[in-house]
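Okay, so here's the structure we're looking at.
Every number in this text was worked out from the coordinates using simple rules, so none of it is lab data. This is a predicted model, so every value here is computed, not measured. A quick note on method: Cβ atoms are made from the backbone with ideal geometry, for glycine too, and the neighbour counts reach across all protein chains shown.
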Amino acid sequence: TPAREWWRTAVVYQVYPRSFADSDGDGVGDLRGVLGKLDYLERLGVDVVWLSPIYVSPQDDNGYDIADYQAIDPTFGTMADLDELIAGLHARGMRLVMDLVVNHTSDEHAWFAESRTGKDSPKRDWYWWRPPRPGRTGGEPGAEPTNWHSFFSGSTWEWDAASGEYYLHLFSRKQPDLNWENPEVREAVYKMMRWWVARGVDGFRMDVINLISKDVGEDGSLPDGAVDPGLPAGGSRFGDGAPYYANGPRLQEFLAEMNREVLAAGTPDGEVLITVGEMPGVTLELARDVTDPAHRQLDMVFTFEHMGLDHGAGGKWSLQPLHLPDLKANLAAWQEGLADAGWNSLYWNNHDQPRIVSRWGDDSAEHRVTSAKTLGTVLHMLRGTPYVYQGEEIGMTNVGWAEIEDYRDIETLNYYRESVSGGASDGEVMAGIGPVSRDNARTPMQWDNSANAGFTTGTPWLAVNPSYVTINTAAAVADPDSVFHHYRRLVELRHTHDIVVDGRFELLLPDHEQVFAYTRTTSTSDTRVARETEETGRAPAAAQTLLVVANFSSEPAEVALPGLADVLAGEVLLTTHDGAPVDGEQVRLAPWESRVYLA
Ligand code: TEU
């Protein structure tokens, strides 16, 4: 038996291929672009690359609308390029995780094309087709089968005049939801997954996988959602369908089936796969159930709870300042809640989130580097599998354009249209979009200070962030004090120190408004460690304490850490500043200073 599953000691790097590196000058990143950066990724030390979708797609949602699961979109390259990427990663001891988007397909997928031919189509039931509301005429506002509001604005139902029915799309109208109630759909998905595993991929990141089971009545009905009276005009006729489409009744049954049918077999080389389920609205309790190894479903899930802590009354479009104690309490709850069964994923960033250094750090010239490092430290010393999103490792910032014309993201554009047509002013709406639009994460990767940040020789599909002149990988790799080298050390600590992987988490100073501090401990009497030791035959881990103390603010801070004088006198594994003023239990920290101690 392996000592522990390899993914428990791994760090994952997310590549959003459209924005990573363009090899052919068409302005869109591609697989050969990724291939050209493997040495860079190896230098950072990450174990896994998660590749956002590169399958054939009309690109309505940048590839999260898939028209053929088993072919590469020519925008990104060829299947031969992908095979080369798998081989190139494996040759470097790295692995590849593919994005699995099976809550929905593109409306241009052959399955949907067949499904929409009419009510008698053998694939009609592969999607969610429903007649208009009784007594209403199809296509008129309010006639939709339910009042659900789409993630991308408007109704979740699209009228199909030809067949006289609506189809469900939780995201864009070009992303019809698959009907997982139908066993043929599930078998088709599993077959496709087995094909990718046979090809050499090492795991899957599963897009909105907790939306696959809908709360459908025996008569096929789907309930209306509650209408929020606080919603802005334009959104107000819609209700919240999430209670009926998220975390549905058959979710765990489907995941367990997928595990049996695909995942349990592992790779052709006999290695375990890595699986992470993206789950907006997942509760801690559900995450524990899904990731408890005894349940054989998924290895870990992406929670959204911490990402929602700065959402205001208008949700993600009205960001508020973060109250640090809320973040500490939330992360601590997940650390403790998944300590004995289950496993955490750890992330600040991905292609849907604004840049963390601009969001919860301080992206001013004075504090950008240290705040980016400290955010990295606080996340990476937690228990779980850390995910680094491209550009995070050099402290890339939000672009926050003021004009809607600069944006390309469908969620942003649809929200703008819906809000303005509902009576909101351009200024108000743009004030919401600037700090949070997904395009903040999608501006091209900044490689150097040449034209277009070295991303492309052509015209980039989305403008580069002008910050590339100073913030770029060439500068960061050359500077030993850069965010890049700090992230490289964080990755290395996970590989060299078992305590980072296994140590028990304890939050310190829960109410402190500036300082984020916690310990990770191992002890020989810890039954979990003892059990693992027995299983693995390795010597018992000595009792150790790892201490993270981080100033999460742009002001100096001073705290006392009772009982930790010995640890504060111990080895400093990593720090953001020279010198470490400590007096017994008393710690003084410069703005955004953080330290990791081991004793
Ligand atoms: O995202 C799902 C999701 O719930 C959100 O992050 C969503 O994109 C939006 O920001 C909510 O306000 C996944 C993918 O990561 C995203 O890129 C896709 O657009 C979406 O699913 C549909 O496939």
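Within the stretch 285-351, which trypsin sites (Lys or Arg not before Pro) sit in a loop by DSSP and count at most 16 neighbouring Cβ atoms inside 10 Å?
When the trypsin sites (Lys or Arg not before Pro) of the stretch 285-351 are filtered for loop state and at most 16 Cβ neighbours within 10 Å, Arg296 remain.
At 222 nm, what helix-only mean residue ellipticity would the chain give, in deg cm²/dmol to the nearest 500, using -39500 (n - 2.57) for each DSSP H run of four or more?
Using -39500 (n - 2.57) per qualifying helix, the result is -7500 deg cm²/dmol.
Give me the one-decimal nm value for the distance between modelled label points at Glu261 and Ala162, 7 Å along each residue's Cα-to-Cβ direction.
2.8 nm
Starting from 0.36 nm per residue, how many nanometres of slack lie between His311 and Gln586 once their C-alpha separation is accounted for?
Contour length minus Cα-Cα distance gives 95.6 nm.
Using the basic label-point model (7 angstrom from Cα toward the beta carbon), what is the Asn449 to Arg136 distance in nanometres?
Here the modelled spin labels are 5.8 nm apart.
Give me the one-decimal nm value for the distance between modelled label points at Ser523 and Met192, 7 Å along each residue's Cα-to-Cβ direction.
Taking the two extended label points, one gets 5.0 nm.
If R₀ is 35 angstrom, what is the calculated FRET efficiency for the pair Ala91 and Thr470, using the beta carbon separation as r and rounding to 0.05?
Calculated transfer efficiency: 0.55.
For the stretch 106-177, what is the relative contact order in percent, using Cα pairs closer than 8 Å and at least 6 residues apart in sequence?
In percent, rounded to a whole number, it is 30.
Extension gain Gln70-Glu571, at 0.36 nm per residue separation less the Cα-Cα distance, in nm?
Additional length available on full extension: 175.3 nm.
Kirkwood Rh, Cα Rg: Rg to Rh for the chain?
Over the Cα atoms of the chain, Rg/Rh equals 0.96.
Any idea what the alpha-carbon Rg over 2.2 N^0.38 Å comes to for the stretch 106-177?
1.03
Might you report the magnitude of the Cβ-based charge dipole of the chain about its Cα centre, with Lys and Arg at +1 and Asp and Glu at -1, to the nearest 20 debye?
540 debye
Can you tell me the relative contact order of the chain? Whole percent, Cα pairs under 8 Å, sequence separation 6 or more.
Averaging sequence separation for qualifying contacts and normalising by length gives 13 percent for the chain.
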